[in-house]
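What follows is one structure encoded as structure tokens, with my remarks underneath.
Every number in this text was worked out from the coordinates using simple rules, so none of it is lab data. If you're wondering where the values come from, they're calculated on a predicted model, not measured in any experiment. Every residue, glycine as well, gets a Cβ built from its backbone with ideal geometry; the counts of neighbours run over all protein chains shown.
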Amino acid sequence: MLLSGIIGLWPTPDVVGEAVQPTPDVIANSSVFRTESDLVLARWAVDRFDRAALQLPPVSIAFHDDKAACDGHFGYFRSSYPAQIDICGFNSDRFLVTPKKTMLHELAHAWSHLNLDDQSRVRFLELRDLDTWQDNSVPWEEQGIEHAAEVIAWGLLDEGPFLTSIGSTAPLKLAEAFELLTGREPLR
């Protein structure tokens, strides 16, 4: 059964899927959740951005059982209005670190798209010793946009190991990159 609902930066009705009127700064009512656990995961991730005072744009989130909607990945971000995020191929009922990290990573793309200007991107590329922000002809791990999403996800994750193999993964380097992007210290 698919559940639809609105995820707010404040509590929403207890009944998942009940029609509610959109309010400012709320994830789009076009969001689709397979289970209430999907909704809980999305609310948790939005709350992590809120706690860090990192403003997200309007976002529509859809959860899928397979990876087709994510082009074979666990998550996929599409810039639009509202931004579209697909989360694919795992059971968030278990609420493991991987779904949490993926949700944060994809929301970080939305945050970056809204908040980073060209000058910020150039400074980040220099810090991470990268040549390009986003170029699909370049491997994923060599794109600044992916490093930024990983760095922000690292800075917001509240538990467990953070597994990434792109760029410097030393905590001090990740903290420096997080602060460069956001102007804030990581929540970790």
* To do: Before anything else, pin down the relative contact order of the range 80-167: Cα pairs under 8 Å, at least 6 apart, normalised by residue count, whole percent.
  => 32 percent
* Place a +1 charge on the Cβ of each Lys and Arg in the range 97-188 and a -1 charge on the Cβ of each Asp and Glu, then give the dipole magnitude about the Cα centre in debye, rounded to the nearest 20. => 280 debye
* Asked: For residue 143, what charge total do you get from the other residues with a beta carbon under 12 Å from its beta carbon, if Lys and Arg give +1 and Asp and Glu give -1?
  -> -4
* To do: Quote to one decimal, in nm, the extra length available between residue 115 and residue 53 on full extension: 0.36 nm per residue of separation minus the C-alpha distance between them.
  => 21.1 nm
* To do: Excluding residues fewer than 8 places away in the same chain, name every one of the lysines whose C-alpha is closer than 21 Å to that of residue 173.
  => 101
* Asked: Taking a label point 7 Å from the Cα of residue 81 along the Cα→Cβ vector, which residues of the range 105-145 have an amide N closer than 16 Å to it?
  -> 113-115
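When a/c is below 1.5 the answer is rounded, else prolate if a/b is larger than b/c, else oblate, so apply that to the range 66-179 with a ≥ b ≥ c taken from the square roots of the Cα gyration tensor eigenvalues.
Since a/c reaches 1.5 but b/c is at least a/b, the shape of the range 66-179 is classed as oblate.
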* To do: Go through 107-116, 51-60 and give me the packing order, highest mean Cβ count within 10 Å leading.
  => 107-116, 51-60
* To do: Report the full-extension gain for the segment residue 71 to residue 137: residue separation times 0.36 nm, less the Cα-Cα distance, to one decimal in nm.
  => 22.2 nm
